[in-house]
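First up is the structure itself, then whatever we jot down about it.
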Amino acid sequence: MSSQSISELQTVDMKKCMPVASNMLTIGLAMLQGARHEHMHSLFQAAESLELEIEIRELRKSSDVEGIDALVLPGVESTAMRIASRSEDLYSAIWELIENKKIPVLGTCAGAILLSQQGLIDTKIERNAFGRQRESFQSEIDVELNGQSKFQGVFIRAPRFTKGSKSPIAWLDNEIVGVLENNIMALTFHPELTDDLKFHAWLLNEASE
Ligand code: GLN
């Protein structure tokens, strides 16, 4: 065997050892409470329509947070979410990552409450602000995200933005129900409970840029 062909063989072997380049996006989903499985479904559907490859990382402890390209904070009950996370320090790792890495974030309902309480968005929020009669309801809302559209807003014991919303993207009548502050989107409704994927698609598009 000539020396040239030996070096060719070596090149082939080297290539075998190299990691395969991947455009796979890793989306972190805080798993402590909330409509997690619905978010997973929406994320996979949105990825398929955008022809993006994603994996969903279920975030349960602080070490899970490392290396994610985008984050979803689902809603259900913000106090329970805080309590559930205390022992594992998951949320401190999440807040640190948002501040340092500026990854795109989608916070829905209780997720939006946490983002506001944490001071990660300027918009202030009041919990359970729609009162008993309207504790849970569905209503058409107006959205301005890559153009104007309508959206079926599902509000479940929803909070209300009170002040500081400088970057609104969604309105229920004249009231702001969604904001986009830099890399952070906070919604008082539940897009994961509808078939419309525009908010999840926004997150994936941002993460892929
Ligand atoms: N009412 C809940 C809270 O204050 C939020 C409701 C929700 O996430 N659907 O935490």
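Assorted remarks:
- Residues in segment 67-91 that are more than 16 Å from the ligand (Cβ to nearest atom) and either surrounded by 13 or more Cβ atoms within 10 Å (Cβ to Cβ) or in contact (Cβ under 8 Å) with a residue 12 or more places away in the chain (or both): 8 in all.
- Residue within segment 172-184 that is within 25 Å of Thr26 (Cα to Cα), within 16 Å of the ligand (Cβ to nearest atom) and not in a strand (DSSP E or B) present: no
- Assessment of segment 9-25 against the conditions (within 19 Å of His190 (Cβ to Cβ), crowded, with 18+ Cβ neighbours inside 10 Å and either modelled with pLDDT under 95 or among the hydrophobic types (A, V, I, L, M, F, W, C) (or both)) yields no matching residue.
- Subset of segment 43-66 (residues that are under 20 Å from Phe189 (Cβ atoms) and either open to solvent by 50 Å² or more (accessible area, probe 1.4 Å) or out of contact with any Leu (no Cβ under 6 Å at 6 or more places or on another chain) (or both)): Leu43, Gln45
- Checklist (1) among the aliphatic types (A, V, I, L, M); (2) more than 16 Å from the ligand (Cβ to nearest atom); (3) buried (at least 22 other Cβ atoms within 10 Å of the Cβ) applied to Leu97, failing item: (3)
- Across segment 104-155, the number of residues qualifying as away from the ligand (no atom under 13 Å from the Cβ), touching a residue at least 12 places away in the same chain (Cβ under 8 Å) and out of contact with any strand residue (DSSP E or B) (no Cβ under 8 Å at 6 or more places or on another chain) comes to 2.
- Selected residue (criterion: least open to solvent (accessible area, probe 1.4 Å)) from residues of segment 162-198 that are under 15 Å from Asp122 (Cα atoms) and among the charged types (D, E, K, R): Glu181
- Conditions (1) modelled with pLDDT of 95 or more; (2) in contact with a Ser or Thr (Cβ under 7 Å, 6 or more places away or on another chain): number failed by Gly75: (1)
The values are calculated or read from the model by the stated rules, or taken from the named source; none is laboratory data. All values reported here derive from a predicted model rather than from experimental measurement. So basically every Cβ, Gly included, is an ideal-geometry build from the backbone, and we count neighbours across all protein chains shown. All accessible areas refer to the heavy atoms of the entire protein, side chains included, with ligands and DNA or RNA removed. Shrake-Rupley method; radii C 1.70, N 1.55, O 1.52, S 1.80 Å.
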